[in-house]
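Written out below as structure tokens is the structure these notes cover.
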């Protein structure tokens, strides 16, 4: 079976950046936050580490490029780390504000993500809802992932010769059930598992799979460690 990319992932890799426009956005100087009374920032796809362009505020200092530090779990705000010479100033909602995410690489899209492992066979495509029993959620040190933050999210080494692999963190998970691992799906930090999920998936085995484990026999509550995990961009499609 092959490594499969979701439609949303392919769109973003091809430069289809996230853009939202509305009158529900405000800026808060004390916390360096963009707030949203519509509470849509997380479901719109904004994630930690993403570079965004903000425009449309009356106050010029709020029309900046900045890096997202975190996004509230209810989508009501996000913390922005502006450049060294820029900082957000207080401004209430009401202007028509546009927030655009700058196109990102594969590594940037999946920074602080989560790896899920399931029983059964890999679905026909990465847009299809997961099948089988979820056996594992792999995070750093098996800690709980808080979507919208960097906490316990998985990170990657720098790519080399078209290959990118896990970093030096302990990628681990305590088994949620007993079963035989058959396939995986890697989700971006927003952990959206719906039809528009930002994800990719592949097979699990002990050799010759996209993700190889020392054993595919997973036992409830036992900890599984991912020692090696690489994704290769093929030279020929």
Identify, by number, the condition in (1) within 30 Å of residue 227 (Cβ to Cβ); (2) exposed (fewer than 15 other Cβ atoms within 10 Å of the Cβ) that residue 118 doesn't meet. (2)
Would it be correct to say that residue 74 is outside any strand (DSSP E or B) and under 30 Å from residue 174 (Cβ atoms)? yes
Could you go through segment 112-121 and let me know if any residue there is over 20 Å from residue 23 (Cβ atoms), assigned to a loop (DSSP other than H, G, I, E, B) and in contact with a helix residue (DSSP H, G or I) (Cβ under 8 Å, 6 or more places away or on another chain). no
Going through segment 133-170 one residue at a time, which ones are on the phi > 0 side of the Ramachandran plot and at pLDDT below 95? 148, 161, 162
For segment 2-23 the number of residues that are more than 20 Å from residue 104 (Cβ to Cβ) and surrounded by 15 or more Cβ atoms within 10 Å (Cβ to Cβ) is 1
Can you run down the residue pairs with Cβ atoms below 9 Å, 6 or more apart or on separate chains, where the first is in segment 46-65 and at positive phi and touching a residue at least 60 places away in the same chain (Cβ under 8 Å) and the partner is surrounded by 15 or more Cβ atoms within 10 Å (Cβ to Cβ) and assigned to a loop (DSSP other than H, G, I, E, B)? 49/104; 49/111; 49/112; 49/150; 49/189
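Residue-by-condition table, conditions (1) in contact with a strand residue (DSSP E or B) (Cβ under 8 Å, 6 or more places away or on another chain); (2) part of a loop (DSSP other than H, G, I, E, B); (3) over 30 Å from residue 21 (Cβ atoms):
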{"residue": "98", "(1), (2), (3)": "yes, no, no"}
{"residue": "146", "(1), (2), (3)": "no, yes, no"}
{"residue": "172", "(1), (2), (3)": "yes, no, yes"}
{"residue": "181", "(1), (2), (3)": "yes, no, yes"}
Where the second residue is in a helix (DSSP H, G or I) and the first is under 15 Å from residue 45 (Cβ atoms) and lies in segment 1-18, which pairs have Cβ atoms under 8 Å and are six or more apart or on separate chains? 9/109; 12/109; 13/106; 13/109; 18/12
Hits in segment 126-181 (condition: touching a helix residue (DSSP H, G or I) at 6+ places or on another chain (Cβ under 8 Å) and closer than 25 Å to residue 41 by Cβ): 126, 127, 156
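Let's see how each residue does on (1) under 24 Å from residue 10 (Cβ atoms); (2) surrounded by fewer than 18 Cβ atoms within 10 Å (Cβ to Cβ):
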{"site": "129", "(1), (2)": "yes, yes"}
{"site": "141", "(1), (2)": "no, yes"}
{"site": "161", "(1), (2)": "yes, yes"}
{"site": "183", "(1), (2)": "yes, no"}
{"site": "190", "(1), (2)": "yes, no"}
Selection count where residues are over 18 Å from the mean Cα position of the chain (by Cα) and more than 11 Å from residue 115 (Cα to Cα), scope segment 171-193: 9
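Would you point out the residue of segment 148-161, among those that are within 27 Å of residue 121 (Cα to Cα) and assigned to a loop (DSSP other than H, G, I, E, B), that is farthest from the chain's Cα centre (by Cα)?
Pass one, segment 148-161, residues within 27 Å of residue 121 (Cα to Cα): 153-156.
From the residues that got through so far, the ones that are assigned to a loop (DSSP other than H, G, I, E, B) too are 153, 155.
Numbers: 153: 8, 155: 10 Å.
Taking the candidates together, the pick is 155.
The values are calculated or read from the model by the stated rules, or taken from the named source; none is laboratory data. Remember, predicted model here, so these are calculated numbers, not experimental data. So basically every Cβ, Gly included, is an ideal-geometry build from the backbone, and we count neighbours across all protein chains shown.
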